[in-house]
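**Student:** My structure is below; once you've seen it, I'll send some questions.
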Amino acid sequence: MSKANIVPTVKEIASRCGVSEATVSRVLNSNYKHGFSVREKVRQRITSVADTLGYRPNLAAKNLVQKKTQMVAILGCDIVLGWPGNIYQTIINASVQTLHVHGYDACLTVPNLEQDDTELPSWKVDGVIVLQECSQETIEVMERINLAYVVINGVGGQSCSSVIPDDIDGTQRAIRHLMDLGHRRIAYAGPTHEHKRHRSIGDRHDTYLSELSTRGLAPIPGQDRVFRSAPAFLASAAVKHHATAILAYDHVEALKILHGAHMLDIQIPKQVSLVCFNDEYLCDIVTPPLTTVAVPSRQMGRLAARMLLKQLESPEDYLPECIKLSQDLVIRYSTAPPLKK
């Protein structure tokens, strides 16, 4: 093994600086308790040698000294890996940036629930951010050990804070936009079987049904089915049942519907208008650009991190809260008045 591949140790730093290993360890871990002190010249020499060698303190040892890890775990990352350009990538980026400003690191975990009942990492963390949902066992463990945690777009236990998008208002605005254009036969493309069960799924579907019912309109058949194929959905909703507009659960399904419409020679928005949730990557550059209900993903990420930091830094003042954020309707060119018969 080449010398460049050898991990530097406290012993090597101590040898080069002519001090004890204990002194090196305490300097690098900023442990100046119980009367320990060191001359500034020696401290600078230790840190300089450590930097030159590329030394990184052992996290476990550092935790024993500081009693805190300065580490936050983010659970639910399997959805980030499984979907292209989804809102949770933006949420994680915003959360991590906020945590970094306050001196915390973050770790993303994808646990194997075949081997363990909880999604918590095997190492110690100070707090947790949950994306959408986690197992009931995980919630029970966090509640039992008083671990600070925040849930994004989901629910937790009694001590949990959460940040959620206002999907009810967002759905109402989307339906209202289509109604104002003159649409009365509005289909709903629900989530796929790969979507985790979380509050957006129920809020969007239930509001679609209630908004149509309030206006004396009937839902298009298929609104309660799992979305599996864009061509099959369009053949049923648009061709067989004459829907003139579609509200899609998210932008990924909307992109599939755009592709399926091209395959079936259905023109969007001339023949069928299309609205979706999540104003994410590609929505504004596909043809036609998509009208979207823009989930405030960056704001959700920042808020979740701040809520967690509030728990960590002032636990005695902490009270659980749920923050609901409004969503903007971004009107582009995938919606238009229906064709006149």
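**Student:** Just for the range 15-37: of the residues that are modelled with pLDDT under 90 and small (Gly, Ala, Ser), which one is surrounded by the fewest Cβ atoms within 10 Å (Cβ to Cβ)?
**Tutor:** That would be Gly35.
**Student:** Could you tell me whether Gly260 is under 30 Å from Cys77 (Cβ atoms), touching a Pro at 6+ places or on another chain (Cβ under 7 Å) and touching a residue at least 12 places away in the same chain (Cβ under 8 Å)?
**Tutor:** yes
**Student:** In the range 212-254, what residues are modelled with pLDDT under 95 and aliphatic (A, V, I, L, M)?
**Tutor:** Val226, Val252
**Student:** Go through the residues of the range 152-171 one by one and say whether even a single one is acidic (Asp, Glu), in contact (Cβ under 8 Å) with a residue 12 or more places away in the chain, assigned to a helix (DSSP H, G or I) and closer than 21 Å to Thr207 by Cα.
**Tutor:** Taking every residue of the range 152-171 in turn, at least one turns out to be acidic (Asp, Glu), in contact (Cβ under 8 Å) with a residue 12 or more places away in the chain, assigned to a helix (DSSP H, G or I) and closer than 21 Å to Thr207 by Cα.
**Student:** Do you know which residues across the range 301-321 are outside any helix (DSSP H, G or I) and over 15 Å from Ile164 (Cα atoms)?
**Tutor:** Within the range 301-321, Ser314, Tyr318, Leu319 meet the criteria.
**Student:** OK, next. Out of everything in the range 246-305 that is of a type in the set (Lys, Arg) and out of contact with any Ser or Thr (no Cβ under 6 Å at 6 or more places or on another chain), what residue ends up being farthest from His183 (Cα to Cα)?
**Tutor:** Per the stated criteria, the residue is Lys256.
**Student:** Of everything in the range 38-96, what is modelled with pLDDT of 65 or more, among the small types (Gly, Ala, Ser), within 30 Å of Lys196 (Cβ to Cβ) and assigned to a helix (DSSP H, G or I)? Give them in sequence order.
**Tutor:** Ala94, Ser95
**Student:** Identify the residue in the range 177-215 that is without any contact (Cβ under 8 Å) to a residue 40 or more places away in the chain and hydrophobic (A, V, I, L, M, F, W, C) and, among all such residues, is surrounded by the fewest Cβ atoms within 10 Å (Cβ to Cβ).
**Tutor:** Filtering the range 177-215 for residues that are without any contact (Cβ under 8 Å) to a residue 40 or more places away in the chain and hydrophobic (A, V, I, L, M, F, W, C), the one surrounded by the fewest Cβ atoms within 10 Å (Cβ to Cβ) comes out as Leu209.
The values are calculated or read from the model by the stated rules, or taken from the named source; none is laboratory data. Here the structure is a predicted model, which means the values were calculated and not measured. Backbone-built Cβ (ideal geometry, glycine too); neighbour counts: all protein chains shown.
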